[in-house]
Structures are given as structure tokens and as C-alpha cells.
Amino acid sequence: MKDAAYAAYGGYRCSCCGDMDEISLTIDHVANDGYAHREKVGTGVKLYRWLKREGYPAGFQILCMLCNWGKARNGGVCPHWSTPLLPEPQDRFRVSEVIS
């Protein structure tokens, strides 16, 4: 059942970064409403059954856990797709300062 669900959403590959490590992949709620949906439907096999019964609806994607967590903590956008927050130039240090 899991294989069919993953196949319906593009297979065992993170739709963001391309990671193909099956153990780190998860089904993501694109609209970031996963908590509410899991409360209604459940997780694991219950989710896979629901997806199958509903005809594998839009609104889901395969993400690795890193992209999934990053998306959750970055306002719904995976950090791969947003500008990284870097310190201002005056706050950065030179490599030579670290080595010496």
C-alpha cells in the first residue's frame, strides 16, 4: 500500500532536493495542513488507505525529512527555495582568523 501511495506522487524521490533514500522520505501535505488532516485520518497505513480511497488527490508530495522539517519551520517554503539568511558582511570572519 505504501509503494502505491509513493508511486502516485512521483515515487521514492524527494520532490524538492531529489533525495532517494527511502528511509528518509515522507508524504507531505503541500498546504501545510498535515496536523489537522492526521487528526482526522491517522498516519501510516491509515493515511495510505485514505489516499487510495480518495484516488490519490492533489495536495500531497514526497519530501525527505530535511525538506519537510525545513518547510515546516520556514513558513511553508523549503529552505532550498528561499534565500538563505546569512550574517551581514561585517559579522563574518576570515578563514585565516579561524586557522590562526
Quiz item: Within region 47-95, which residues are surrounded by 10 or more Cβ atoms within 10 Å (Cβ to Cβ), of a type in the set (A, V, I, L, M) and modelled with pLDDT of 90 or more?
Solution: Leu47, Leu51, Ile62, Leu63, Met65, Leu66
Quiz item: Name the pairs whose Cβ atoms lie under 8 Å apart, with the first residue in region 1-30 and free of Cβ contacts under 8 Å to residues at least 60 places away in the same chain and over 15 Å from Tyr56 (Cβ atoms), the second crowded, with 17+ Cβ neighbours inside 10 Å and among the acidic types (Asp, Glu), and 6 or more positions between them or separate chains?
Solution: Arg13/Asp19; Leu25/Asp19
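State which residue is surrounded by the fewest Cβ atoms within 10 Å (Cβ to Cβ) when the search covers only region 8-46 and only residues that are among the aliphatic types (A, V, I, L, M), more than 23 Å from Pro79 (Cβ to Cβ) and touching a Phe, Trp or Tyr at 6+ places or on another chain (Cβ under 9 Å).
Val41
Could you tell me whether any residue of region 3-19 is acidic (Asp, Glu), at pLDDT below 95 and part of a helix (DSSP H, G or I)?
Narrowing region 3-19 to residues acidic (Asp, Glu): 3, 19.
If we keep only those that are at pLDDT below 95 too, we end up with 19.
Okay, now just the ones that are also part of a helix (DSSP H, G or I), so none.
No, there is no match, as no residue in region 3-19 is acidic (Asp, Glu), at pLDDT below 95 and part of a helix (DSSP H, G or I).
The values are calculated or read from the model by the stated rules, or taken from the named source; none is laboratory data. In this text the structure is predicted, and so the values were computed from the model without any measurement. Because the Cβ atoms are built from the backbone with ideal geometry, glycine has one as well, and the counts that use them run over all protein chains shown.
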